[in-house]
Each structure stands twice: as C-alpha cells, then as structure tokens.
Amino acid sequence: MRILQSCLFKNAVKRLHANQKCDLDEAVRAIAADPVIGEAKVGDLAGVRVFKFKMTHQSTLLAYEYEDAEGSLRLLALGSHENFYRNLKR
C-alpha cells in the first residue's frame, strides 16, 4: 500500500514532538491495516474519512482518502477539532 501525504499534512507533522509522532505512526498503521476504520464524510467532504485518536492525551483528527483500485492511502490533514473541517474544505 502506498501512503501519500498532502502539503497540509506535512506541515502539521513538522510541528509535532517525537512522542506525538509515535502516536501518529500508530494511528497511520491502524488506518493502513483497516482503511474503512474512519468515519466517512458526506456533502462537501464526500470521499474523505476522518479517524479520531488520542495524541498525548488530546483528541486528534486525521483526515484521509483511500482508493481501493490503486491501493493508495492519501493523508490529508491532522489537527484538533477546532476549525478542522473548515480548513479541510479549502
């Protein structure tokens, strides 16, 4: 499975500490093992799934798209719930 990253996701990961990156790696492994684990969105965000997990005792959202035909996982955004969906629509 190919795992791709968007620019928005890369910039969010740059600001993380080492222990936060470990939690993120575990979440990405969980998504890679079962790509339909996240909640499917509708409307403007159709095709996007959001996985909710704990990163250093704080609830964090990870948005991704999974294309079964290509076998690729595209990581779109990472962040807390505040303004997450608004920024994802852009």
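The values are calculated or read from the model by the stated rules, or taken from the named source; none is laboratory data. Please read all numbers here as calculations on a predicted model, not as lab measurements. Cβ: placed from backbone, ideal geometry, glycine included. Neighbour counts: every protein chain shown.
Taking the criterion of being surrounded by 10 or more Cβ atoms within 10 Å (Cβ to Cβ), assigned to a loop (DSSP other than H, G, I, E, B) and not charged (D, E, K, R), the residues of the stretch 37-86 that qualify are ILE37, GLY38, GLY47, VAL48, THR56, GLY71, SER80, HIS81.
Applying the selection to the stretch 4-36, what residues are assigned to a loop (DSSP other than H, G, I, E, B) and exposed (fewer than 14 other Cβ atoms within 10 Å of the Cβ)? ARG15, HIS17, ASP34, VAL36 - these are the residues of the stretch 4-36 that are assigned to a loop (DSSP other than H, G, I, E, B) and exposed (fewer than 14 other Cβ atoms within 10 Å of the Cβ).
Taking (1) at pLDDT 95 or above; (2) over 19 Å from GLU82 (Cβ atoms) in turn, PHE9 satisfies each apart from (2).
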